[in-house]
1. Quick one: B:ALA43 ticks every box in (1) at the interface with chain A (Cβ under 9 Å from one of its Cβ atoms); (2) modelled with pLDDT of 85 or more except a single one, so which number is it?
2. Could you tell me which numbered condition B:LEU240 fails, if it satisfies all but one of (1) farther than 25 Å from B:LYS174 by Cα; (2) in a helix (DSSP H, G or I)?
3. Tell me, which residue of region B:195-227 that is assigned to a helix (DSSP H, G or I) and polar (S, T, N, Q) is nearest to the other protein chains (Cβ to nearest Cβ)?
4. Tell me, which residue of region B:137-176 that is more than 10 Å from chain A (Cβ to nearest Cβ) and at pLDDT 75 or above is farthest from B:PRO259 (Cα to Cα)?
Amino acid sequence: MTPSVLAGLVGAALVGLGLYGLILHPHPLRKLLAFNLIGSGVFLVFGIVARRGAAVGFRFDPVPQAMVITGIVVAFAASALAVALILRLSAETSRVTLDPEAWTRRNGEDAE
Amino acid sequence: MSLLAFLDILLALLVVAVAVWTIVARDLFAAVVGYVAYGLLLAFVWIRLYAPDVALTEAAVGGGVTGVLLITAGKRLGALKNVAPEAQPGFAFRLLAGALAALVAGAIGAAILMLPEQPPSLAPEAAAAASTAGAGLGNPITAVLMSYRSFDTMLEKIVLILAVVGVWSVGSDKAWGGAPAPFRQSKPYAPMVFLAQMLAPIGVLIGIHMFWTGANAPGGAFQGGALLAAMWMVIMMARLVEPPRVDAQWLRLALVAGPAVFLISGIAGEVAAGSFFAYPPSLAKPIILLIEAFMLLSIAAALPMLVAGPPNEGPG
């Protein structure tokens with residue numbers, strides 16, 4: 001088993017783990033963490049192409065690698081925006097969930 | 001089995017184990033610490049795939065800065081940090097989610113094992129770009145980022161600015177124009193101050209070196225910018241400086257400098273070299289380094305602002 005196949009399988013496992021966490025974790029920050037796991041798994045799967053496309057004297061294909069670098073930075077920017085929205089939600093409602101059931105049940109105030 | 005193959009399998013198991021930890025940990029803080037370790041381990045995987053540039057970015061941005069973002073968010077949520085709704089998902093639902101996740105992971109894994117033997121590759125085109133328009137750049141990744149796919153890279157800088165605008169705009173109306181909340185509410189903490197004073201000058205030097213050497217070796221504006229951003233965050237955490245007001249002119253200029261210089265160079269290429277984002281071959285390297293220098297500035301300004309969050313109406 002070559003390193004790139006192994007890394008690809010790790011990427012597949014990470015996507016599965018992240019998906020599981022994203023569905024089951026009720027807390028939005030934990031969901032965000034799980035979503036980042038999916039993201040890095042996808043990057044890894046995408047990136048093993050960089051290892052396979054070795055041609056014209058490169059040991060790797062630089063195009064997917066450059067795109068993964070761009071992708072990591074964009075994923076961080078999206079996470080920061082999500083964190084800002086979660087913090088604002090909690091400041092406004094003292095809740096961290098969008099589930100209206102949980103909101104009325106735990107708060108006891110009248111839901112508007 | 002050779003030693004290297006053994007280490008590869010060990011590393012793969014470690015990455016998956018730490019990823020499992022970030023999902024199953026009960027405490028948010030523990031999960032975030034797991035995620036930072038996971039980012040660093042993943043960087044080793046990227047090194048094994050001959051992708052040191054990606055490894056540097058993953059370690060700095062994917063692990064480090066994202067970790068700071070989530071820890072800061074956890075602190076700001078305070079008591080709500082670990083609050084979960086009472087309705088915990090039932091066993092059947094867990095089983096279903098697990099089956100779905102296993103199915104998706106299995107499908108991706110199967111696809112990887114069945115990849116075509118003759119891999120499609122854009123490497124020849126990238127090599128052509130590296131040897132013509134990106135002349136003088138020894139690092140093919142930088143050549144791709146700045147020449148072959150320069151439009152992507154410029155738009156990505158604009159995405160960063162859009163994210164900063166988005167983060168700033170979720171603040172309340174009263175706070176608009178003010179400074180984001182400090183990274184730590186507590187008084188300056190002596191070991192942290194000492195760390196910031198020792199680390200920041202060295203880190204800034206390494207960040208600039210990473211940018212400069214990125215033309216020929218692993219590194220570049222992304223990695224260098226992320227390191228400079230980290231150093232700025234360290235001195236803000238030590239409370240040696242406070243986050244700047246969001247209406248500060250210098251901050252806004254620093255944020256738009258990278259994409260602006262990039263766009264102007266692209267339009268200048270239309271006039272001077274005949275097509276958008278074409279560089280005259282004799283000047284390609286100086287132009288690319290000029291664009292990257294301003295990108296470095298914009299990244300170093302944007303990442304801490306994304307972590308700092310929206311303007312805050314608190315005292316000061």
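The values are calculated or read from the model by the stated rules, or taken from the named source; none is laboratory data. For clarity, every value in this text was computed on a predicted model and none was experimentally measured. Quick reminder, even Gly has a Cβ in these numbers, built from the backbone with ideal geometry, and neighbours come from all protein chains shown.
1. (1)
2. (2)
3. B:GLN223
4. Restricting attention to region B:137-176, the residues satisfying the condition of being more than 10 Å from chain A (Cβ to nearest Cβ) are B:137-138, B:147, B:150-151, B:154, B:158, B:173-176.
If we keep only those that are at pLDDT 75 or above as well, we get B:150-151, B:154, B:158, B:173-176.
Numbers: B:SER150: 11, B:PHE151: 10, B:MET154: 6, B:ILE158: 6, B:ASP173: 28, B:LYS174: 30, B:ALA175: 28, B:TRP176: 25 Å.
The residue in question is B:LYS174.
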